[in-house]
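Here the structure comes first, spelled out in structure tokens, and everything after it is commentary.
The values are calculated or read from the model by the stated rules, or taken from the named source; none is laboratory data. From a predicted model like this one, the values you see are computed outputs, not experimental measurements. As a convention, Cβ positions derive from the backbone with ideal geometry for all residues, glycine included, and neighbour counts pool all protein chains shown. Each accessible area value is taken on the protein alone, full model and side chains, heavy atoms only, with ligands, DNA and RNA left out. Shrake-Rupley method; radii C 1.70, N 1.55, O 1.52, S 1.80 Å.
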Amino acid sequence: MSAISPCPFSPEEIANEGLKPDEYQEIVNRLGRHPNQAELGMFGVMWSEHCCYKNSRPLLKQFPTAGARILVGPGENAGVVDFGDGVQIAFKIESHNHPSAVEPFQGAATGVGGILRDIFTMGARPIAVLNSLRFGSLVDPRTRQLFQGVVAGISHYGNCFGVPTVGGEVYFDPAYTGNPLVNAMAIGLMETTEIVKSGASGIGNPVLYVGSTTGRDGMGGASFASAELSDESIADRPAVQVGDPFLEKSLVEACLEAFKTGAVVAAQDMGAAGVTCSTAEMAAKGGVGIDLDLDKIPVRETGMVPYEYLLSESQERMLFVGQRGREQELIDIFHRWGLQAVVAGTVIEEPVVRIWFQGEIAAEIPATALADNTPIYHRELLAEPPEYARQAWAWTENLLPPCTVSGVFVGTEFHTWYQVLCRLLDTPTIASKRWVYRQYDHQVQNNTVIVPGGADAAVVRLRPVESGQSSSTYQTDCPEPSSNNRAFIKGIAATVDCNGRYVYLDPYEGAKAVVAEAARNLSCVGAEPIAVTDNLNFGSPESPIGYWQLAESCRGIADACRELNTPVTGGNVSLYNETLDAEGNPQGIYPTPVVGMVGLVQDINQVCGQGWRAEGDLIYLLGRGEWQNDGETSGLEMPDLITLNASEYLAVIHQQVAGKPPRVDFDLERQVQAVCRWGIQQGWIRSAHDCAEGGLAIALAESCISGQRGATVNFKVTSLVQQRWDRILVGEGARILVSVAPASQQSWETYLQESWEEPGQNWYQLGTVGNSATPLEIWAAEDLGLINANLADLSEFYFNAIERRLSDV
């Protein structure tokens with residue numbers, strides 16, 4: 001073998017592509033030569049964490065990915081699950097964090113566009129979108145700008161495309177200052193008879209470029225997404241893509257029409273890394289090669305060179321492998337929709353990606369070297385938890401000031417429990433996200449059963465599609481329900497969840513709690529949890545603490561998904577979510593493994609919202625109470641299930657982030673959720689709400705506000721000595737608050753007594769629902785009140801917290 005010539009690139013040029021020196025040497029070893037500029041760029045994007053998961057792939061292997069309903073698991077553009085009766089659902093979540101930090105409107109908008117393409121690339125029509133967002137404090141002007149820009153971008157793309165944004169979550173914490181998280185989840189209903197896969201096949205088959213034109217926008221976006229944000233990142237706007245939702249609307253119709261012809265062999269969205277990723281992944285998955293001519297690619301700018309063609313992340317583009325001889329049939333479909341469509345290449349037997357430009361080979365790389373045979377880092381896990389965690393775990397509730405039935409001292413200032421409740425309701429993380437979701441069209445397509453803010457999870461009707469129908473036409477003659485012969489129309493429930501503070505304080509237990517809460521939210525609307533897609537948002541894995549957080553979180557997710565029988569169908573990993581200050585010191589976010597979960601609703605006429613339904617309904621708590629009636633204990637046999645540790649109360653009222661988060665008892669979790677689902681299906685339960693941030697008091701207040709009815713609750717505590725009233729009111733853990741009609745009381749309580757071996761230990765009747773003039777009254781015992789809150793006052797704090805902060809500039 002001849003000697004390899006001197007390296008043509010400086011260390012800075014190599015680093016600018018996101019490559020380390022040893023990775024560059026590995027490229028040289030694989031090619032047997034130095035790469036050219038275009039090839040270096042291709043390796044840079046494909047070997048980035050965003051594309052190849054080189055730090056996380058070994059950890060992801062522990063996720064359960066198989067199940068009776070799983071049709072397509074990890075590795076394709078989206079997961080696909082079987083909902084029965086011929087209904088198949090595609091769903092996935094992905095991040096657009098770094099682009100949104102630099103250009104919030106386009107960063108968020110193209111995040112929505114990208115996840116929608118992942119869905120319809122499988123042959124599914126998008127029917128719903130959710131999002132999971134994180135920002136710093138709204139006190140900060142830059143945070144307000146990011147927040148408003150991201151929400152505007154999401155609403156712009158979703159509304160213009162015509163897909164309902166039906167749910168989501170928004171957290172605010174200083175840990176996310178400068179590095180917002182923008183995770184978008186999409187759900188689609190399969191319209192094609194066969195699921196469209198991405199592996200190329202058929203030597204000699206044409207490779208078609210379809211959709212929009214290629215420009216210089218989004219250059220190197222994958223590498224940009226795999227590096228820390230610095231003060232200079234604001235100038236990196238070319239790495240942020242620019243989307244056109246109206247063009248994508250045409251693209252989805254053209255793609256679905258093309259898929260139904262049977263002339264499409266494989267399809268791949270051009271997302272991160274653009275042409276480079278789509279050609280390499282399609283070739284590698286099919287065990288073939290792709291020969292592509294850049295001169296055939298439609299462009300919107302002049303003078304582009306191969307490096308720019310290959311790394312452009314211009315939006316609304318796809319790569320197809322078609323059946324030979326049916327090229328024109330496919331081209332005509334896209335032209336009819338006003339889109340570009342050209343034969344740009346061919347499937348070849350040699351397993352390489354060969355790129356031509358102006359009659360010469362511009363790049364030639366083995367497909368597997370770019371797609372699956374990439375660097376993998378097996379990092380060493382800390383032998384013991386890091387110091388910050390050990391210090392946090394040493395915190396106990398005994399370090400808090402004592403409290404009374406009246407309230408608690410915070411420093412020298414005394415806070416009544418009413419004041420604590422109002423303060424928590426006014427916290428942006430807990431407060432209503434009305435300002436956000438009112439900007440989203442959540443009822444387009446006319447299938448949204450429960451609108452945002454109405455329940456713990458979104459519910460969308462699954463209207464059947466008749467074979468042979470136009471791809472945009474749903475069956476409209478569904479029978480109307482009646483009391484005697486009611487039609488059962490299936491629905492899908494969906495949620496996104498993650499408490500980053502929990503995961504920061506204990507990545508393993510916190511990640512388990514994320515999965516459990518997602519399943520609990522689905523159960524609160526009567527849905528059976530089916531499957532998971534995850535978005536792992538973390539700091540640098542090269543930091544021992546960062547890798548420990550990532551590894552322990554993955555272990556927690558894997559264990560929880562097995563316990564709850566919710567396999568993982570795919571997702572996204574977003575690392576290096578850190579900002580570099582002026583001195584170059586990294587500031588990491590809370591580890592935030594967002595879980596998107598879908599559930600099956602057998603009958604959309606049997607679902608629940610979170611608000612009280614009628615005066616006189618009985619209020620019950622499912623799960624552990626924080627009190628007992630024996631006069632001997634302060635509450636729990638296992639106090640780590642309901643705790644002030646890691647709580648919103650501790651962070652907001654006492655300004656402390658400490659303690660171990662609530663432990664998940666999966667035996668109890670499964671039973672609580674099953675009882676709730678059965679009660680809803682039987683028509684006994686009229687409302688259901690998860691007790692999450694802010695505990696029982698916040699859940700009660702939100703149920704009152706949502707239903708615009710007050711409530712009277714009595715804990716009937718018999719031992720009033722040394723009670724932690726704050727733990728009773730705002731302690732956090734896995735519980736569900738439900739209301740039941742008096743006529744169903746006997747059936748409901750008989751079922752509860754038969755369901756639990758220890759009656760009264762895992763369910764409690766707390767009180768009754770009032771009317772619109774009734775306050776929220778919470779009593780410790782007879783004649784011993786804790787909170788008496790006017791409904792109008794609670795609503796004012798809850799609904800206007802975010803608007804007030806945005807207007808107080």
| note | Exactly one of Gly188, Gly158 is modelled with pLDDT of 95 or more, out of contact with any Leu (no Cβ under 6 Å at 6 or more places or on another chain), buried (at least 24 other Cβ atoms within 10 Å of the Cβ) and in a strand (DSSP E or B), and that one is Gly188
| Checking Leu729 against (1) more than 18 Å from Thr416 (Cβ to Cβ); (2) open to solvent by less than 10 Å² (accessible area, probe 1.4 Å); (3) assigned to a helix (DSSP H, G or I), which test does it fail? | (1)
| query | Of the conditions (1) under 29 Å from Ala518 (Cβ atoms); (2) open to solvent by 20 Å² or more (accessible area, probe 1.4 Å); (3) touching a Cys at 6+ places or on another chain (Cβ under 8 Å), Tyr798 fails just one. Which one is it? | reply | (3)
| said: Quick check on segment 330-386: of everything there that is of a type in the set (S, T, N, Q) and part of a loop (DSSP other than H, G, I, E, B), which residue is least open to solvent (accessible area, probe 1.4 Å)? | reply: Thr374
| query | part of a strand (DSSP E or B) and touching a residue at least 40 places away in the same chain (Cβ under 8 Å) - does that describe any residue in segment 101-117? | reply | no
| request: Scan segment 118-149 for residues that are open to solvent by 10 Å² or more (accessible area, probe 1.4 Å) and free of Cβ contacts under 8 Å to residues at least 60 places away in the same chain and jot them down. | output: Ser137, Asp140, Arg142, Gln145, Gly149
| Given the residues Glu626, Glu637, Glu632, which is the only one that is surrounded by 24 or more Cβ atoms within 10 Å (Cβ to Cβ) and at pLDDT below 95? | Glu626
| Those strands (runs of 3 or more DSSP E) lying entirely in segment 748-809 with at least 3 residues touching an Asp or Glu at 6+ places or on another chain (Cβ under 9 Å) | 763-769, 784-789
| query | What residue, of Ser201, Ser155, is on the phi < 0 side of the Ramachandran plot and touching a helix residue (DSSP H, G or I) at 6+ places or on another chain (Cβ under 7 Å)? | reply | Ser201
| remark: Given (1) of a type outside the set (Ser, Thr, Tyr); (2) at pLDDT 95 or above; (3) farther than 28 Å from Ser543 by Cα; (4) out of contact with any His (no Cβ under 7 Å at 6 or more places or on another chain), Asp85 misses just (2)
| Restricting attention to segment 1-30, which residues are modelled with pLDDT of 90 or more, exposed (fewer than 14 other Cβ atoms within 10 Å of the Cβ) and among the polar types (S, T, N, Q)? | Ser10, Gln25, Asn29
| Boolean, Thr718 is at pLDDT 95 or above, open to solvent by 10 Å² or more (accessible area, probe 1.4 Å) and outside any helix (DSSP H, G or I) | no
| message | Quick check on segment 303-311. Is at least one of its residues open to solvent by 20 Å² or more (accessible area, probe 1.4 Å), aromatic (Phe, Trp, Tyr), touching a residue at least 40 places away in the same chain (Cβ under 8 Å) and farther than 23 Å from Cys255 by Cβ? | response | yes
| request: Counting only residues that are in contact (Cβ under 8 Å) with a residue 24 or more places away in the chain and under 19 Å from Ala280 (Cβ atoms), give me the helices (runs of 4 or more DSSP H) lying completely in segment 1-59 with at least 3 of them. | output: 21-31, 37-46, 49-52
| Matching residues, segment 398-432, being of a type in the set (D, E, K, R) and in contact with a helix residue (DSSP H, G or I) (Cβ under 7 Å, 6 or more places away or on another chain) | Arg423, Asp426
